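S.K.: Just passing along the structure, written as structure tokens.
The values are calculated or read from the model by the stated rules, or taken from the named source; none is laboratory data. Note that the structure is a prediction, hence the values are computed from the model and not measured. Every residue, glycine as well, gets a Cβ built from its backbone with ideal geometry; the counts of neighbours run over all protein chains shown. Please note that ligands, DNA and RNA were not included when accessible areas were found on the heavy atoms of the full protein model with its side chains. Shrake-Rupley method; radii C 1.70, N 1.55, O 1.52, S 1.80 Å.
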Amino acid sequence: MDEAPAPAMAKLKVAGAWSGTLEVALDACTVQMLRAEVAHRSNGGCDPTRINLICGGKVLRDGDSTLLQLGLKNNGKVLATLMADARNAMEVEQEAKKAKDQEDHANKLTRIWEAAKSMAKRHSDGSFPLNDYNIELEDQNGKKVMFGSESDRRALMMGLMLHANAKGLLKKENYKDALDVLTMAEEAFSLCDEKFLQLIDNVPMLQLDMVWCYFMLKDISCLTVAGTRLARTRKGFESSHGKDSNRFRALQAGRQADLAIYLKLELLEGVVAYHNGDFEKAQESISSAQIKFNQLQVPDEALSLLMSMGYKERSAKRALRLTGQDVQSAVGLLVEEREKKTRRIEENLQRRDEIMEQKRYGKTPNNKAVDMEKLKELASIGFERYLVAEALRINENDMEKALDVLTDPEKNCALQSTMESKRKRSTQTTDVALFPAALLDQAVPTTSNLQQGGPSSAPPAPDLQQQQLVENPLPPPPHVEEARDAEMEDELANELRGDALADYDIDVTKEGEALSEYATLLSSVLGHQL
């Protein structure tokens, strides 16, 4: 019996996922066989099901038909495309979304940093607060805090603004983003003179917040760095608060306002000790934190008594927590806080008028505002304020040069003539817009908590005050203002609250839950109830 003749071989030109020429038997090769061969020859090989074959404008489907039956001929052209399978497409989409989220997050962090930097710079270099915020650093008595250098001032202001932003994220339980912003705040504080930082408790507060983020994110891998940060926190509190908080409590009229932060510190020290296998240390820290937690629970009787005096529940609870549940001391704190609020409103009115006056004097050639403190000093000698302001303005706030102009009869006369000419050329009244009444409650400082010297001589903590200003009614100066990220500056400014005790007024509910959890864990390890 004669053998069947071998199938005639034909050439197919393939392009796409793989490009080349294949020799196949058209009357024996199927689509499935051709797809497998193309997949094998493609770069690195791939799953044949991902290869799509097209010839003559038609998609070649699997089946029993041969290539000859499907109409393919010698020197026919086949396009091979590579399809992503469903699983791979989903992974690609997820990776793309993750990369986009990371890029957006990085961009926002950059915006936050640049906005804080810009706000601190604009204020410190004397730029006008046009449609802007007037940021002041004050102590807990509302007095301005003076710095040894402008760089320290900027660094501290940046650190406080970034820390305040992070606190807002902590309240929203957005611990991952909060940790990133806290890291930036730490970098800003590091630009400040270390000797000054030792006098304030903002940096140890920052360290405590960072470790709290580690804990809430359940990031056990950060235990080593957490222990280091907690050691710095305790050392920082001792430096700023004094041994056993004697300096802090002397400044707070004997109140135990710091009780909650030490509760959190001891809780976290206990957590770190537990995960490092030091169960005795963990037991000691957790037990001490539990005592403080119990002390912070507000008695119903005391709360009811304060509310019967007309105080709101939230304010009453806060006052009791910050005074160790002492009703008399709590009432004293509430009265003191009310007086501070009234005084701040009055100071805001005064500062508002000063800023409006400052705007009327215009900017120096280098785009700086007239220094109002120097103006007051020179005006106290007896010179007219408008002349003093112009002398300072044209001399870049150089007091000696301004004084020379004012005391030299010829220069003084020329200055008056210039001012009179300007007045005559003016064709419109430049009245100053007043603040809306509701805006007066928007002065919102944030705490910096300065502690230095002994109990009798130490100045209290600085606050970072933010006050929103109204729109400037004067024609805009010809100077081109620096580009601003107004949206991000608003976000930063809105986090500043001006509450000197806010950092110590902590709702310890989550801390209480953590205490119960680790007390149970320690009981199972040590074999007895804490």
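S.K.: What residue, among those in the stretch 321-332 that are part of a helix (DSSP H, G or I) and without any contact (Cβ under 8 Å) to a residue 60 or more places away in the chain, is nearest to Glu301 (Cα to Cα)?
M.R.: In this case the residue turns out to be Val327.
S.K.: Looking only at the stretch 122-159, count every residue that is at pLDDT 80 or above and open to solvent by 30 Å² or more (accessible area, probe 1.4 Å) and tell me the total.
M.R.: Final tally of qualifying residues: 3.
S.K.: Tell me, yes or no, whether the stretch 449-462 has at least one residue that is modelled with pLDDT of 50 or more and over 24 Å from Glu347 (Cα atoms).
M.R.: Just the residues of the stretch 449-462 that are modelled with pLDDT of 50 or more, to begin with: none.
Looking for residues that are modelled with pLDDT of 50 or more and over 24 Å from Glu347 (Cα atoms), one finds none in the stretch 449-462, hence no.
S.K.: Go through the residues of the stretch 239-247 one by one and say whether even a single one is modelled with pLDDT under 95, within 25 Å of Leu496 (Cβ to Cβ) and part of a loop (DSSP other than H, G, I, E, B).
M.R.: No, because not a single residue in the stretch 239-247 is modelled with pLDDT under 95, within 25 Å of Leu496 (Cβ to Cβ) and part of a loop (DSSP other than H, G, I, E, B).
S.K.: I would also like to ask the following. Scan the stretch 349-373 for residues that are over 14 Å from Ala389 (Cβ atoms) and assigned to a helix (DSSP H, G or I) and jot them down.
M.R.: Correct list: Leu349, Gln350, Arg351, Arg352, Asp353.
S.K.: Same structure, new question: What are the residues in the stretch 358-380 that are touching a residue at least 12 places away in the same chain (Cβ under 8 Å) and among the hydroxyl-bearing types (Ser, Thr, Tyr), if any?
M.R.: Of everything in the stretch 358-380, those that are touching a residue at least 12 places away in the same chain (Cβ under 8 Å) and among the hydroxyl-bearing types (Ser, Thr, Tyr) turn out to be Tyr361, Thr364.
S.K.: Kindly provide the set of residues from the stretch 33-46 that are modelled with pLDDT of 80 or more and more than 13 Å from Thr81 (Cβ to Cβ), ordered by number.
M.R.: Hits for the stretch 33-46 are Met33, Leu34, Ala36, Glu37, His40, Arg41.
S.K.: Could you list, in sequence order, the residues of the stretch 488-511 that are in a loop (DSSP other than H, G, I, E, B) and at pLDDT 80 or above?
M.R.: Answer for the stretch 488-511, where residues must be in a loop (DSSP other than H, G, I, E, B) and at pLDDT 80 or above: Tyr504, Asp505, Ile506, Asp507, Val508.
S.K.: Which one of Phe435, Phe383 is modelled with pLDDT under 50 and either more than 30 Å from Leu501 (Cα to Cα) or hydrophobic (A, V, I, L, M, F, W, C) (or both)?
M.R.: Phe435
S.K.: Please go through the stretch 265-290 and pick out each residue that is open to solvent by 20 Å² or more (accessible area, probe 1.4 Å) and in contact with a helix residue (DSSP H, G or I) (Cβ under 6 Å, 6 or more places away or on another chain).
M.R.: Glu266, Glu269, Tyr274, His275, Phe279, Lys281, Gln283, Ser288, Gln290
S.K.: Determine if the stretch 106-121 includes at least one residue that is under 30 Å from Arg360 (Cα atoms), at pLDDT below 85, of a type in the set (Lys, Arg) and not in a helix (DSSP H, G or I).
M.R.: Going residue by residue through the stretch 106-121, those that are under 30 Å from Arg360 (Cα atoms) are 114-121.
With the extra rule that they be at pLDDT below 85, the set shrinks to 118-121.
Within this subset, residues satisfying the condition of being of a type in the set (Lys, Arg) are 121.
When the remaining residues are screened for being not in a helix (DSSP H, G or I), the result is none.
Taking every residue of the stretch 106-121 in turn, none turns out to be under 30 Å from Arg360 (Cα atoms), at pLDDT below 85, of a type in the set (Lys, Arg) and not in a helix (DSSP H, G or I).
S.K.: Out of Ala164, Ala231, Ala250, Ala226, report the one residue that is crowded, with 23+ Cβ neighbours inside 10 Å, out of contact with any Phe, Trp or Tyr (no Cβ under 8 Å at 6 or more places or on another chain) and not basic (Lys, Arg).
M.R.: That would be Ala164, the only listed residue that is crowded, with 23+ Cβ neighbours inside 10 Å, out of contact with any Phe, Trp or Tyr (no Cβ under 8 Å at 6 or more places or on another chain) and not basic (Lys, Arg).
S.K.: In the stretch 321-380, which residue that is hydroxyl-bearing (Ser, Thr, Tyr) and open to solvent by 60 Å² or more (accessible area, probe 1.4 Å) is nearest to the chain's Cα centre (by Cα)? Write out each step before concluding.
M.R.: Residues of the stretch 321-380 hydroxyl-bearing (Ser, Thr, Tyr): 323, 329, 342, 361, 364, 380.
From the residues that got through so far, the ones that are open to solvent by 60 Å² or more (accessible area, probe 1.4 Å) too are 342, 380.
Values: Thr342: 29, Ser380: 42 Å.
Restricting to residues being hydroxyl-bearing (Ser, Thr, Tyr) and open to solvent by 60 Å² or more (accessible area, probe 1.4 Å), the top hit is Thr342.
S.K.: Out of everything in the stretch 167-196 that is more than 19 Å from Arg229 (Cα to Cα) and without any contact (Cβ under 8 Å) to a residue 12 or more places away in the chain, what residue ends up being most open to solvent (accessible area, probe 1.4 Å)?
M.R.: Only one residue fits best here, namely Lys171.
S.K.: What number of residues within the stretch 298-320 satisfy the criterion of being in contact (Cβ under 8 Å) with a residue 24 or more places away in the chain and open to solvent by less than 30 Å² (accessible area, probe 1.4 Å)?
M.R.: Count: 2.
S.K.: State all residues of the stretch 210-245 that are of a type in the set (Lys, Arg) and out of contact with any helix residue (DSSP H, G or I) (no Cβ under 6 Å at 6 or more places or on another chain); if no residue qualifies, say none.
M.R.: Taking the stretch 210-245 and keeping what is of a type in the set (Lys, Arg), we get 218, 229, 232, 234-235, 243.
Selection gives Lys218, Arg234, Lys235, Lys243.
S.K.: Within the set of pairs 6 or more residues apart or between chains, which connect a residue that is open to solvent by less than 70 Å² (accessible area, probe 1.4 Å) inside the stretch 31-59 to a residue that is basic (Lys, Arg) and part of a strand (DSSP E or B) with Cβ atoms less than 8 Å apart?
M.R.: Cys55/Lys77
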